[in-house]
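In what follows, a structure is listed as structure tokens, so that the remarks can point back to it.
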Amino acid sequence: MLIAALALVALPGLAGSRAPSSAGSPPDSAFQPIPVSANAARSATPIGPLDAAFVSAGLVPATHVFVEPGEAPKVGLTHRRLVDQPEPGFGTAKKPPKSTLTGAATFYDHGTTAMRLPKGTLVVICGAGGCIERTVTDYGPTRTDRIVDLYRADFFEICGCPSWSGTTTVTVSVY
């Protein structure tokens with residue numbers, strides 16, 4: 001019985017309901033003008049002041065002046081204080097490496113790999129064309145004649161060699 005009652009409520013089409021009818025237009029008597037005596041007579045009845053019920057307990061008079069504690073703000077541009085910084089010298093930007101490896105490197109399209117270093121190790125790899133800082137992303141290379149494999153773009157950035165080259169000599173600094 002309960003299921004049948006719920007079905008009738010959930011499916012109103014089965015309970016005899018109809019589609020909604022279109023709304024009819026309102027009667028013309030709903031739109032008749034209403035005369036207002038103040039507009040017709042144009043009376044100049046003055047409106048008196050508001051009574052005390054409209055005044056808030058925290059009313060601040062218009063003549064009140066607010067004063068902020070402290071100094072008045074400076075107007076215009078303020079200048080930064082100049083600080084005497086020492087000039088960076090050679091080798092002062094980085095801490096010394098834990099170890100340094102020198103050997104052959106080649107390119108590898110799936111990341112920076114190093115045979116003797118675990119994943120996540122920060123290395124700086126320097127070659128004839130410059131230096132790059134990378135994180136070891138995989139184990140490898142498996143052959144013992146290379147110490148590191150690099151992304152192709154990284155390899156040609158540090159090797160300073162033509163595009164047909166396959167290996168170059170690099171120095172790997174481990175941090």
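Test of understanding: among 48, 58, 76, 91, which residue is of a type in the set (Gly, Ala, Ser), within 30 Å of residue 124 (Cα to Cα) and at pLDDT below 75?
91
Restricting to the range 126-175, count the residues that are more than 24 Å from residue 98 (Cβ to Cβ) and in contact with a Lys or Arg (Cβ under 9 Å, 6 or more places away or on another chain).
Qualifying residue count, the range 126-175: 1.
Could you list, in sequence order, the residues of the range 109-147 that are assigned to a strand (DSSP E or B), of a type outside the set (A, V, I, L, M, F, W, C) and surrounded by 18 or more Cβ atoms within 10 Å (Cβ to Cβ)?
Listed by number, the residues that qualify are 113, 127, 134, 146.
For residues in the range 154-165 being surrounded by 11 or more Cβ atoms within 10 Å (Cβ to Cβ) and either at negative phi or of a type in the set (D, E, K, R) (or both), which is farthest from the chain's Cα centre (by Cα)?
Ranking the qualifying residues of the range 154-165, first place goes to 165.
Limited to the range 92-108, what total is found for residues that are assigned to a loop (DSSP other than H, G, I, E, B) and surrounded by 14 or more Cβ atoms within 10 Å (Cβ to Cβ)?
First pass over the range 92-108, keeping only residues assigned to a loop (DSSP other than H, G, I, E, B): 92-98, 108.
Narrowing further to those that are surrounded by 14 or more Cβ atoms within 10 Å (Cβ to Cβ): 97, 108.
Final tally of qualifying residues: 2.
Tell me, which residue of the range 122-152 that is of a type in the set (Gly, Ala, Ser) and modelled with pLDDT of 85 or more is nearest to residue 105 (Cα to Cα)?
127
Quick check on my filter: what residues within the range 124-175 are of a type in the set (Gly, Ala, Ser) and touching a residue at least 40 places away in the same chain (Cβ under 8 Å)?
Across the range 124-175, the qualifying residues are 127, 128, 166, 173.
The values are calculated or read from the model by the stated rules, or taken from the named source; none is laboratory data. Since we're looking at a predicted model, the values are computed, not measured. Because the Cβ atoms are built from the backbone with ideal geometry, glycine has one as well, and the counts that use them run over all protein chains shown.
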